[in-house]
Structure formats: C-alpha cells, structure tokens
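The values are calculated or read from the model by the stated rules, or taken from the named source; none is laboratory data. Remember, predicted model here, so these are calculated numbers, not experimental data. Counting neighbours? That spans all protein chains shown, and the Cβs are built from the backbone with ideal geometry, glycine included.
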C-alpha cells in the first residue's frame, strides 16, 4: 500500500513538472512590419508585447520584428494582428485605413 501511494505521488509530481515546463517553452519568429522611425519602433514593440511574448525587437533599418514567445499562449498570427491594430502593416495583416491615417506624419510609411 505504501509503495502504491509513493508511485502515485511520484507520477503526479512528474506529470505536474512536465506540464509546468511545457507552458514555459518559447520559440522565435521574425517577420516584416512596415514603419519608419523610433516612434514606430516603440509602437510596434509595445503592440507585440502581449501576454506570452517574452521579447520583441523591431529593426528600423530592415523593418524586421523578431519576437520570442510562448506558442502555447498565442500564435504569430495573433501577434501580427495586434501590430496591425496599432497601425502597422505586417506580412499577413493590413491596418485599417483610419488607424493608419491617425499615425504621426513621420510614421506614415509608403503603402
């Protein structure tokens, strides 16, 4: 009986540990995001950094955003949609015209 309880406890702890670490797995993805300046950089990175995103860095020169995120919590598509909602076109999603027009003049990139 003691052995059975010990095995059950050990099994539970193993399962709990596995599930806990699986949630913390991250992956990297890079994709193009339109923008022009440091103001764009701040807006793009802020829009990308939602729950599940560990880091987001947008390069002003290459227009490439690199994100490290937990795919168990959100997808690259969701990150791109958040950025489009903030006013910046991505490879897959376009921002709404009104949102784009409300960007500062220096942030209005060629569409």
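Remarks
- Identity of the residue in the stretch 53-72, part of a loop (DSSP other than H, G, I, E, B) and in contact (Cβ under 8 Å) with a residue 40 or more places away in the chain, that ends up surrounded by the most Cβ atoms within 10 Å (Cβ to Cβ): 70
- Some residue of the stretch 76-86 being at positive phi and modelled with pLDDT of 95 or more: no
- Taken over the stretch 27-66, the residue count meeting the criterion of being touching a helix residue (DSSP H, G or I) at 6+ places or on another chain (Cβ under 8 Å) and farther than 21 Å from residue 108 by Cβ is 5.
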